[in-house]
1. Can you run phi through the Karplus equation (6.51, -1.76, 1.60; θ = phi - 60°) for the range 34-39 and list ³J(HN,Hα) in whole Hz, with x for Gly and Pro?
2. Put a dot 7 Å past each Cα toward the Cβ at residue 134 and residue 115; how far apart are the dots in nm?
3. Report the gain in length on full extension from residue 160 to residue 207: 0.36 nm times residue separation, minus Cα-Cα distance, nm rounded to one decimal.
4. Can you tell which of 98, 6, 30 lies farthest toward the positive end of the dipole of the chain, using +1 and -1 charges on the Cβ of basic and acidic side chains (Lys, Arg; Asp, Glu)?
5. When Lys and Arg each count +1 and Asp and Glu each count -1, what net charge do the other residues less than 13 Å away from residue 48, Cβ to Cβ, add up to?
6. Return the inverse of the average 1/r over all pairs of distinct C-alpha atoms in the chain, which is the Kirkwood hydrodynamic radius, in Å to one decimal.
7. Suppose we flag GluC sites (Glu not before Pro) only when DSSP calls them loop and at most 13 other Cβ atoms lie within 10 Å. Which is the longest uninterrupted stretch of the chain?
8. Quick one: check the C-alpha center-to-center distance for the range 37-58 versus the range 166-211, whole angstrom.
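Please treat every number below as a calculation from the coordinates, not as lab data. These numbers come from a predicted model, not from an experiment. All Cβ positions, even for glycine, are placed from backbone atoms using ideal geometry, and neighbour counts span all protein chains on display.
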Amino acid sequence: MTSDDYDRLSDLLSTVVRFDPRFVIPYLLGGILLADSPGHFGAALDLLARGERQIPSEWLFPFYTSYVQYFSLGNPEEGGMALLRAAQIPGSPDYFPLLASRMLSEGHRPATALAFLHGMTERETDPRRKASLEERIRLVTVERDLQSMEKTIAEYKSRVGAPPRNLADLVQSGMLARIPEEPYGGRYLLMPDGSVRSDRAPRERLKVLGK
């Protein structure tokens, strides 16, 4: 399809939903196909947003919004927020809260992910899903702590002119109130490259797929 083809498709789909705002297919078709054209990402998101407003019970709209935000625009924060909306709609897949927490952690919004996961955990009655959510809470907590300490390390280096020798230096300098408690019962360690890791949590950081 050429750019003109995408323009015409966008116009046609907008016309169809003006005739029948409750017709699901045009919104989804626009969200999927228009997102294939870099010049039409906005049109894809607009159609999906209109569909979400018209039919709030359909989780596919925020789901595809999340897809476009993450994979087309490279925006994990907005992708995660859209997926949070999808996860709260009855009938949406069980894995949505976990995937949303990964996106939000990657987008430096672990606090939002944790608040959502705690709320989901409190409402969950299935033991297996509850255990999965509790494990994700531990992973997101680790990611939150790593991001916070790595940001403080960068500020320390900028202020002092040299990297800290260990995490205790951050506390002694007053830039960090305390070293956070590692949720797996391990310790946080300062690495030679200035990053921080847990000696017990899984090594893989919470990310989905980079661009």
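1. With the stated coefficients, the range 34-39 comes to 5, 6, 7, 10, x, x Hz.
2. 2.4 nm
3. Value of the extension gain: 13.8 nm.
4. 98
5. Around residue 48, the charge tally is -1.
6. Roughly 19.3 Å, rounded to one decimal.
7. Longest run free of exposed loop sites: 1-180.
8. Each part reduced to its Cα centre gives a spacing of 39 Å.
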